[in-house]
Amino acid sequence: MIRIGIVDDHAIVRTGLRQYLSDHVDLRVTGEGGSGHDALEMARGGEVDVLLLDISMPDQSGVDALAAIKARFPELPVLILSGFPEAHYATTLLRQGASGYLNKECDPEEIANAIRLVARGRRYISPAVAEQLADSVVGHGGSGAMPDKPLHEALSEREFQVFLRLAQGETVGHIAEALFLSVKTVSTYRTRVLEKLKLQTNSDLTYYALKNGLIQ
């Protein structure tokens, strides 16, 4: 029996997933939550074998929640289930420790299969994500040239976290407090992010994030 925790801020999504998964004799939902804090508490409680985690949540993004969970419970498989297309987030989150990435528009059976796979300690890579990963290693046409990739994929894990928070209007001071960093350190990350994304202001960061579907 695989114990599953579902973390999504929409109750209707949690209900639908719970009802669907209950039809599988080897799967059982043992925890539900609607925030990053709930996800961390579920991991801490040891009541789940696999965590299904949404990215966009009110108190803490799934990106931050993933980082916190993997720092404390590196062996717990976290399967990202998001409304964002794979192209926007998948490779970044896999690099940060996610065991797999699924779009909410996928076939429900794909979710069940992914849960079983990551519960065995493996990673779930969809065909779309596999193509992305392959493109990041080899160029198109075998020429060795790297394909055009979104600039944000060049950001480090911490830079990406700071970028998303700045794009959503958080102040440097608030980010420093939330991530347990100094204001000076966050300011340094902000400078790096602006340089890597070839932007100048926080408003530019917001526009970039919206245009690329990184925030809603």
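How much area per residue is accessible in the chain when the probe is 1.4 Å and only protein heavy atoms are counted (Å²)? Accessible area per residue, the chain: 49 Å².
Over the residues of the chain, the helix contribution to mean residue ellipticity at 222 nm works out to -15000 deg cm²/dmol, using -39500 (n - 2.57) for each DSSP H run of at least 4.
By accessible area, using a 1.4 Å probe on protein heavy atoms only, the range 1-120 has 50% of its surface on carbon and sulfur. Asp23 exposes around 120 Å² of accessible area when a 1.4 Å probe is run over every protein chain in place. The residues Tyr207, Tyr189, Tyr101, sorted by heavy-atom accessible surface at 1.4 Å with ligands and nucleic acids left out, run Tyr207, Tyr189, Tyr101 from largest to smallest. Need one number: nm distance between label points at Thr15 and Lys149, each 7 Å from Cα along Cα→Cβ, rounded to one decimal. Output for this residue pair reads 4.1 nm. Extension gain for Thr171-Glu195 works out to 6.8 nm (0.36 nm per residue, less the C-alpha to C-alpha distance).
Would you please give the FRET efficiency between Arg116 and Lys184, computed as 1/(1 + (r/R0)^6) with r the Cβ-Cβ distance and R0 = 45 Å, to the nearest 0.05? After rounding, the FRET efficiency stands at 0.45. Among the listed pairs Lys70/Lys198; Lys70/Lys211; Lys104/Lys149; Lys149/Lys198, those whose Cα-Cα separation exceeds 26 Å are Lys70/Lys198; Lys70/Lys211. Peptide packing: for 173-180, 122-129, the average count of neighbouring Cβ atoms within 10 Å per residue gives the ranking 122-129, 173-180, highest mean first. Among the trypsin sites (Lys or Arg not before Pro) found in the range 18-114, not one is both in a DSSP coil and sparsely packed, with 10 or fewer other Cβ atoms within 10 Å of its Cβ.
The values are calculated or read from the model by the stated rules, or taken from the named source; none is laboratory data. Fair warning: this is a prediction, and the values are worked out from it, not measured in the lab. As a convention, Cβ positions derive from the backbone with ideal geometry for all residues, glycine included, and neighbour counts pool all protein chains shown. Surface areas here come from the heavy atoms of the whole protein model, side chains and all, with no ligands, DNA or RNA. Shrake-Rupley method; radii C 1.70, N 1.55, O 1.52, S 1.80 Å.
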